[in-house]
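Have a look at the structure below, then the notes.
The values are calculated or read from the model by the stated rules, or taken from the named source; none is laboratory data. A quick note: this is a predicted structure, and the numbers were derived from the prediction, not measured. Cβ coordinates were reconstructed from backbone atoms using ideal geometry, including for glycine residues, and neighbour counts include every protein chain displayed. For accessibility, only protein heavy atoms count, side chains too; no ligands or nucleic acids. Shrake-Rupley method; radii C 1.70, N 1.55, O 1.52, S 1.80 Å.
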Amino acid sequence: MCLVQVHHICRMHGKPSRTSFSFTEKPNRFDGCINILKLGNIRTGCLGDNNPFLFGVATPLKKLFLCHRLFSGDNCKTLSEKTYTKRMSLLLLLTIVALQSSPAISDPFVSYSGYKVWAISPRTNEENQFLGKMSQQYGLTVLREAKFVNSSMDLVIPPTLERDLKNVMDNANIPFVVTINDLQTAIDNQNSNNDEIPNSRAAAHNMTWTNYHRLSNIYGYMSYLTTTYPNLVTLINIGISYEKRPLYVLRISNSSSPGTNPAIWIDGGIHAREWISPATVSYFIQQLVEVPANAKLLQNVDWYIMPVMNPDGYEYTFVKDRLWRKTRSLTSNPSCPGVDPNRNFGYKWGGLGTSTDPCSAVFKGTKAFSEPETIATSNYILGKSSQIKLYLTFHSYGQYALIPYGYDVVYPPDYNDMLALANKAVSKFTKYKFSVGSTAALLYAAAGGSGDWAKSIGIKYSYTFELADTGANGFTLPASQILPVGQDFFPALDVFATQVSAATTTTARVTTSKPTTKLPTTTSKKPTITPCRCTCP
Ligand code: 0X9
Ligand code: ZN
């Protein structure tokens, strides 16, 4: 029986990181804690840095790491299961009291109550520059950058600034549309609140595609598939995140010698707040593994699928700030953690569309692959680079199929091959209309993206997909759209699989000459959580 699971317990650089925890009622296959209870209206959240109540790792293993002032003094101790259970029961009581008396804990979320989202389409370059300066000056959260004139820039407008900003916009004579009237309401309505209540006590996993799920449910599902379909599915731990969460890749292969077929790599969740990405990528896993009619997609093709590349950021969007984008690593500015993982890959790192400021949403990090998440992923892909013929990375929002390069308006020599395949893929969509084209030409220039890096190591076909929608809901796309998005996209995987099963690797050279095709084209094994060493503050 696991009563409390504590995450993020490592004190980095001698400073305690935030400690998040969840109350659990029964052992899970991989970490002992999957069924998260809601205690009254207390939600899973973060304890403050100085909270003395919980610092430790509880797992169902015989050896339990517990690090708590009340019990173990200054050092982590390994306790027997019995001692642990007794102590944790006491700790649970103490924690409930602490939770109920602490305002910081009873409401641990960043509230967007009264916040609006404005969509603004600059009509000239001057207007675009003006908006960039305005959002910087007022410290506004930018949900979407406007690349060019007439594309939309989406901004979060706090209630305290609304009147001032209206005046600024009126004076500058720039029109805007309110797309989300109350962001907190949109956040509250995005997911039904029974996310963490299992279907039944006997359920083998808690994954669904009618809700957005916490990491434990996604990883629990990957674990379930591995034990249920051992001849098809392998769970690979490719490293650990900054906050010591495992980084998991699922290999799906029906080959008697997996690792020899040409392969497709798929990742999601690079950006924490883009919830539709892990949801869609995990839907692909479900379809490929559990739907026999899709077995043809596994003929001669292996799949490597990583639904959540940035697990720390993803969890943070559930427990603290729904709009968090980056990783959660410490930076030179203690008030501004996190690196943009999609500016941290090592091709043209630090170029256009990146920032040296840790407080920026597009902070590039201190060096290429400074983040444990990006270095682990890239090393794993490099190790399989002769096998992987196609790279797909899923983001949101905007409904774009983006082709390298994104670091600048530069086209690889085989751009037209990439464009033709992308057009074939998006022609399968019936519900969501995607724009297809060169990243920097269609969206904006941004260096250090994973799609550029994948292309640079010789993976011929590399695409960044920005899933639904085009701004009406943005990152708060309701959970009722997970299935429509996944179902609309899935047939495109068949197009990719068909291409790859006959593919040979071509290493691309860079050219700045524009291709002949018209641009842009618009068409309609058992995981474990490794306890980390910790010291009490
Ligand atoms: O800016 C990004 O990283 C992506 N858009 S998002 O809204 N999901 O943040 C676009 C990435 C495109 N790829 C490159 N610029 N290399
Ligand atoms: Zn993204």
Whole-Hz Karplus ³J(HN,Hα) for the range 178-183, in order, using 6.51 cos²θ - 1.76 cosθ + 1.60 and θ = phi - 60°, x for Gly and Pro? 7, 8, 10, 7, 9, 5
Starting at the first residue of the range 426-435, write each ³J(HN,Hα) from the Karplus equation 6.51 cos²θ - 1.76 cosθ + 1.60 with θ = phi - 60°, in whole Hz, x for Gly and Pro. 6, 5, 7, 6, 10, 9, 10, 8, 10, 9
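Evaluate the Kirkwood expression for the hydrodynamic radius of the range 116-188, namely the inverse of the mean inverse distance over all pairs of different C-alpha atoms, and round to one decimal in Å.
Answer for the range 116-188: a Kirkwood hydrodynamic radius of 12.3 Å.
For a 27 Å ceiling on Cα separation, which of these pairs sit above it: K348/K428; K166/K364; K244/K384; K133/K460; K244/K389? Walk me through the intermediate numbers first.
Working: K348/K428 33 Å; K166/K364 32 Å; K244/K384 24 Å; K133/K460 38 Å; K244/K389 30 Å.
Going by Cα-Cα distance, K348/K428; K166/K364; K133/K460; K244/K389 fall outside the 27 Å limit.
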Per the 1.4 Å probe, what fraction of the accessible area of the range 194-303, in percent, lies on carbon and sulfur atoms? 52
Whose amide H sits under 5 Å from the amide H of G239, counting only residues 5 or more places off or on another chain, with H placed in the peptide plane? L247
Pop a pseudo-label 7 angstrom from the Cα along the beta-carbon direction at both A295 and S151 and give the gap in nm to one decimal. 4.4
Under 5 Å between amide H atoms, partner at least 5 residues away or on a different chain: which partners does S435 have, H built in plane at 1.01 Å? Y400, A401
Sequence-distant or interchain residues sharing an amide H contact under 5 Å with Y461, placed H: which? Y391
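Find the accessible area per residue for the range 116-188; the probe is 1.4 Å, ligands and nucleic acids are left out, and the unit is Å². If you can, show how the numbers build up before the last one.
Numbers: 3880 Å² over 73 residues.
For the range 116-188, the per-residue accessible area is 53 Å².
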On full extension of the chain, what length is gained from T430 through T356, given 0.36 nm per residue of separation minus the C-alpha to C-alpha distance? 22.5 nm
Determine the order of E243, E145 by accessible area, beginning with the largest, at a probe radius of 1.4 Å. E145, E243
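On average, how much accessible surface per residue is there in the range 202-508, in Å², for a 1.4 Å probe, leaving out ligands, DNA and RNA? All intermediate terms of the calculation are to be shown ahead of the outcome.
Working: 8840 Å² over 307 residues.
Spelled out: the 1.4 Å probe surface of the range 202-508, per residue, equals 29 Å².
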Once phi is turned into θ = phi - 60°, what whole-Hz ³J(HN,Hα) does the Karplus curve with 6.51, -1.76 and 1.60 give for every residue of the range 260-272, x standing for Gly and Pro? 10, 5, x, 10, 10, 9, 10, 10, x, x, 5, 9, 4
